[in-house]
Amino acid sequence: MSEWLVLTIAMAAACAVVLSIAFLNHRRIGDDDDPSETPDVIEYMTMMIGVIYAIVLGLAIAGVWEARGAAQEYVRQEAQALHEISVRSEVYPAEVRARIRADVDAYVSYVVGTEWREMAEHGDITDDSARLLEKIRRDVTDYEPQTDHEGQAYQPLVDQVGAVDDARSARGQSAGATMPGVVWFGLVIGALVTVGMVFALQIRRSFREMLLAGLFSALIAFLLFLIWDFDAPFGRGIAATADPFLQQFPHLGSGH
């Protein structure tokens with residue numbers, strides 16, 4: 001099911017529930033009821049609950065957005081390090097250079113074509129990418145430089161392999177959900193309490209009040225959906241992309 005369809009259903013359901021409760025609540029209120037008699041403390045509590053929940057929502061959105069940005073940065077660092085390995089191997093003999101570049105291409109192709117789906121579906125990286133990276137490491141470290149020029153390029157190449165390994169590990173750690181279950185529990189309960197406080201102010205069935213109640217509940221549903229969508233940096237609609245790999249290795253992009 002599309003994420004945007006989920007969002008539409010969630011917002012419509014939130015509006016429907018709130019408006020249904022408002023209509024049912026209005027039916028059981030007597031004609032002599034005076035909404036102006038709402039105690040001042042209720043209005044104060046409603047305002048404070050709304051403010052506190054707005055802060056919590058803002059922090060949650062900022063947290064998942066930062067996690068998504070960090071995940072995209074790990075991808076960029078990994079792609080850049082692989083590109084450096086491919087470029088700096090130019091000083092090596094043709095046979096060694098071709099082997100290094102072929103293994104780098106194989107690693108990139110696997111990450112973009114296979115591991116990306118694994119991260120999206122299961123929130124983790126695979127052992128196969130580790131084996132492909134180990135082949136690159138062996139290509140670089142097992143070769144003994146024959147000239148001073150090759151010797152000068154050796155250590156930077158080893159460092160770039162380490163950078164790839166570090167970025168890959170960070171990418172794997174950021175592939176899963178970033179929001180703990182207890183935080184989601186608080187966000188959902190907070191949404192119910194915040195929307196429920198609307199009825200503490202004795203909402204009536206006027207068009208203006210119904211419209212505002214519906215829009216308010218839809219807004220809460222949208223913000224919760226936004227947090228949920230960002231919560232999996234590689235798995236949903238507004239996710240980190242493999243573009244850095246494809247930009248550094250454009251010759252591999254046609255097949256993906």
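Return only the number of the condition from (1) over 17 Å from ARG88 (Cα atoms); (2) in contact (Cβ under 8 Å) with a residue 60 or more places away in the chain; (3) not in a loop (DSSP other than H, G, I, E, B) that TRP184 does not satisfy.
Looking at each condition in turn, TRP184 falls short on (2).
Can you work out which of the residues in the stretch 91-124 that are more than 18 Å from ALA167 (Cβ to Cβ) and among the charged types (D, E, K, R) is surrounded by the fewest Cβ atoms within 10 Å (Cβ to Cβ)?
Ranking the candidates gives GLU95 first.
Scan the stretch 35-46 for residues that are over 17 Å from ILE189 (Cα atoms) and either part of a helix (DSSP H, G or I) or modelled with pLDDT of 75 or more (or both) and jot them down.
Of all residues in the stretch 35-46, those over 17 Å from ILE189 (Cα atoms) come to 35-44.
PRO35, SER36, GLU37, ASP40, VAL41, ILE42, GLU43, TYR44 - these are the residues of the stretch 35-46 that are over 17 Å from ILE189 (Cα atoms) and either part of a helix (DSSP H, G or I) or modelled with pLDDT of 75 or more (or both).
Which condition number does ALA170 fail, the rest of (1) at pLDDT 85 or above; (2) in contact with a Gly (Cβ under 7 Å, 6 or more places away or on another chain); (3) not acidic (Asp, Glu) being met?
(2)
Consider SER206 carefully, then state whether it is farther than 22 Å from MET47 by Cα, loosely packed, with under 13 Cβ neighbours inside 10 Å, modelled with pLDDT under 80 and not aromatic (Phe, Trp, Tyr). Reasoning before the result, please.
Working: farther than 22 Å from MET47 by Cα: no; loosely packed, with under 13 Cβ neighbours inside 10 Å: yes; modelled with pLDDT under 80: yes; not aromatic (Phe, Trp, Tyr): yes.
The answer is no for SER206.
Looking only at the stretch 199-218, decide whether some residue is in contact (Cβ under 8 Å) with a residue 12 or more places away in the chain and closer than 21 Å to ALA70 by Cβ.
no
Of all residues in the stretch 83-137, which are among the aromatic types (Phe, Trp, Tyr) and touching a residue at least 60 places away in the same chain (Cβ under 8 Å)? Steps first, please.
As a first pass, look at the stretch 83-137 and keep what is among the aromatic types (Phe, Trp, Tyr): 92, 107, 110, 116.
Listed by number, the residues that qualify are TYR92, TRP116.
When you check ARG88 against the structure, is it surrounded by 13 or more Cβ atoms within 10 Å (Cβ to Cβ) and closer than 18 Å to ALA240 by Cα, yes or no? Give the derivation first.
Values: surrounded by 13 or more Cβ atoms within 10 Å (Cβ to Cβ): yes; closer than 18 Å to ALA240 by Cα: no.
Criteria not met by ARG88.
The values are calculated or read from the model by the stated rules, or taken from the named source; none is laboratory data. Because the structure is predicted, anything quoted here is derived from the model rather than measured. Counting neighbours? That spans all protein chains shown, and the Cβs are built from the backbone with ideal geometry, glycine included.
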